[in-house]
Structures are given as structure tokens and as C-alpha cells.
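Below: one structure, written as C-alpha cells.
The values are calculated or read from the model by the stated rules, or taken from the named source; none is laboratory data. For clarity, every value in this text was computed on a predicted model and none was experimentally measured. Note: ideal-geometry Cβ built from the backbone for every residue, glycine included; neighbour counts use all protein chains shown. Quick note on the areas: whole protein, heavy atoms, side chains included, nothing else; ligands and nucleic acids left out. Shrake-Rupley method; radii C 1.70, N 1.55, O 1.52, S 1.80 Å.
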Amino acid sequence: MTVADVFDDIVGQDRALRSLRNLVQTPSHAYLLSGPAGSAKLEAAIATAAALQCEQGGCGICDECQRVLRRTHPDVTVISRAGVNWSVDEIRDAERIARRIPVQGRYQILVLPNIELSVLAAPALLKTLEEPPRRTIFILLADELPDHLTTVESRCVKVPFSALHFDDIVTVLERSGVSSVQARMAAEAADGNLDRARVVARDEELAQRVTAWRNVPDQLRSVSPVALAQSIIAGLDAAIAPLQAVHAEELDTWKRDAELAGRRGGQKDVEQRHQREQRRFRTDELRFGLSTLTRTYRERLVASLEGGDDGDLRATNEAKSSIAAITAITHAYENLTLNANENLLLTDLLTTLTRT
Ligand SMILES: [Zn+2]
């Protein structure tokens, strides 16, 4: 059996990588890598593409492997969509590339991320998958598997991915030069999402936000729930600023390219995608804050249980109020969706916490 070294740099996902290592030995024309956002699916897809092109099944050192890993291989294309959803035209463009004869490699490989965002384009995608050119391989990636993908799924070899473990995220961040303390904090804030962990690891204000959340119980003694909710939201606004800067730059580049190419329309799609990413960032950030707050109350609970003697009224009351607080936070966490009104949700929660 070939040792597929090209997968070795990917941390975690042992089971998925084991499947991929086996699968590349008898290639299929379509794979579907599915699992939560930030679970290293794209990294795994690139490694799979290298393993397929490489004569040794993914040695990681030959020219084929190197080119695929550096993303300069002429026969491996990662196609990304411009708007919120895949458009039928984008899928047709992918199909055109799929029909090309490989110029250097053994296969023509196309990687399509976020294929779950393809309600309208799914039929076109399906048609492409049903009549695959002989030497073409599709690697589709999906964060979720909605109903409209059922038929697409049935045409693919499926490889499930799970959210990454805390330790795996810490390892990846440390390898990229992030300090151990910052890596652990970012991994905690990332909730299994490596992409988010990479963003927050570079965030110098992260430690301050952790402290702010941990101080909520003390703050509530002197600050009103309304004022505290507002200050937490101000912290959120500051946290998202770097992402907004990246998006503004991306939009400028897009506008310049569109002008050069004489392209009209499509700008709204880019803006909508940015809005969606920013909403998700805020929701993730709030989830992280609520988890930090839960941990703070849990520590208080443990301390009151360990500290108090049997029948110690003060300790018993403190334990009870910590449990009530944890229940309220869990409830808020569950109500947190992309469309939640942050201000209302936080003010409600903080008001409840002052009563516990
Ligand atoms: Zn190789």
C-alpha cells in the first residue's frame, strides 16, 4: 500500500482521511466531503487532488504534489462562487473546465466549496455529474446537506467530516506560530471551526473580550442590564472591524476587475455574501461569549459546592443561583440564530441574570 504523505499535514479528521487515502486508490468521478464549517474540508480536498495526480498516490514531494499543494497545478481548479448562492452560469463554467483534457496531470480535477448553496444550480450540477468526462473528477464540499442535494449526494462517494477537536485546533495554530496561550483562547472561541480560530488567533483584543465576559456577573452588581448589553455590543462591533476591512478591500478589487472586464451586475451578490459572513461572525462571537459566561457560572457553582459545609445556607443559595444562571444562558444560546436581535436577547438574558 502507498503511504499517502500528502495528508499528513492535516490535523484531526483521522477517519475521513483514512477513507480518502483508501478511496484515491480506485478513483471515482465525484466525491462529496461534508461536515461543519471550518472542519478542514478544503485542505483535505486539495490533498486528495494531489494524491490523485501523483504517480505515488500522494508522496507530497514530487512536482505534481507540490504544484497541487501550491495551487498552481493546471489541472486542479478550486472554483468559488461570486454571490450568496451558486448561479447556473457558474456551474456551467465549471462544466466547461470539466470537459478540458488534462494538460499535465492524470485527471482534470474540480473542487467546488459550499455546494449546499446551490438551490437553483443543483439541476445543472446534477447534469454535469451524470455525464462526467472520463478523466474528470469532482470534489464537492458541503457544510450541510439540505434536501435539494439528495440526488447530487447519490451520485457521489460521501466522506463525512466532524467538527475539529479543541486540541487539534490548538496544534494547527501553534504550528503556524501562534503562542500557546493565544492558541488555546482562540480554539475555545472557535467552537470546532478552524477557519474562525485562524481569524481570532490574530485578534489582539481577544483576551480583553474573554475578560469582559468573565466579569459580567460582577458588573451586573453596579451596571444596568441595558447598559451592559450595549457595552457588549460595542465590543462586538470592534471585534468585527478587521473582517469588515477585509470585505471592503475585496469589494474594491471586485469593482476594479468588473470595470476592466466590462462586467455589469453581480455587485449585490458580493455584498450579500459579505453581510452573511458578518452576521455569522457576530453569531459565533456571541456564542463564544455565552460559553465563556456559562463556564464562569459553572466555576462559581463548583466553588460553592466545594467551599460550603453541609447545610451552609449561603453556599446552597449561591449554588442554586448559579444553576439558574446557567439555565438562562443555555436558553439564550439556543435562541441565538443568524436573525436574532442581539440587543433584545442580551438585555433579556442580563435582566434574568440579575434576578438569579
Ligand atoms: Zn507526489
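Take residue 25 and tell me if it is within 15 Å of the ligand (Cβ to nearest atom) and either in a loop (DSSP other than H, G, I, E, B) or not assigned by TED's automatic domain parsing to the domain that holds residue 119 (or both). So residue 25 passes the test. Taken together, 56, 66 contain a single residue that is within 16 Å of the ligand (Cβ to nearest atom), polar (S, T, N, Q), under 27 Å from residue 7 (Cβ atoms) and over 26 Å from the mean Cα position of the chain (by Cα), which is 56.
Would you say residue 333 is of a type in the set (Phe, Trp, Tyr), surrounded by 13 or more Cβ atoms within 10 Å (Cβ to Cβ) and closer than 19 Å to residue 233 by Cα? For residue 333, the condition - of a type in the set (Phe, Trp, Tyr), surrounded by 13 or more Cβ atoms within 10 Å (Cβ to Cβ) and closer than 19 Å to residue 233 by Cα - is met.
The single condition among (1) open to solvent by less than 30 Å² (accessible area, probe 1.4 Å); (2) part of a loop (DSSP other than H, G, I, E, B); (3) closer than 24 Å to residue 72 by Cβ that residue 12 does not meet is (3).
Residues that are aromatic (Phe, Trp, Tyr) and surrounded by fewer than 19 Cβ atoms within 10 Å (Cβ to Cβ) within segment 81-132 comprise just one, 107. Residues that are of a type in the set (Gly, Ala, Ser) and either modelled with pLDDT of 90 or more or buried (at least 16 other Cβ atoms within 10 Å of the Cβ) (or both) within segment 246-278 comprise 248, 258, listed in sequence order.
Identify, please: which residue in segment 36-53 is in contact with a Ser or Thr (Cβ under 9 Å, 6 or more places away or on another chain) and more than 16 Å from the ligand (Cβ to nearest atom) and is, among those, modelled with the lowest pLDDT? So that I can check it myself, show each step before the final result.
Keep residues of segment 36-53 that are in contact with a Ser or Thr (Cβ under 9 Å, 6 or more places away or on another chain), which gives 36, 39, 41, 51.
When the remaining residues are screened for being more than 16 Å from the ligand (Cβ to nearest atom), the result is 36, 39, 41.
Numbers: 36: 91, 39: 95, 41: 97.
This residue is 36.
The set of residues in segment 183-197 that are modelled with pLDDT under 90, open to solvent by 10 Å² or more (accessible area, probe 1.4 Å) and in a helix (DSSP H, G or I) comprises 185, 188, 195, 196. Only residues that are polar (S, T, N, Q) and under 15 Å from residue 286 (Cβ atoms) were counted across segment 180-210, and they come to 1. Does at least one position in segment 79-102 carry a residue that is within 13 Å of the ligand (Cβ to nearest atom) and free of Cβ contacts under 8 Å to residues at least 40 places away in the same chain? No; the residues of segment 79-102 include none that is within 13 Å of the ligand (Cβ to nearest atom) and free of Cβ contacts under 8 Å to residues at least 40 places away in the same chain.
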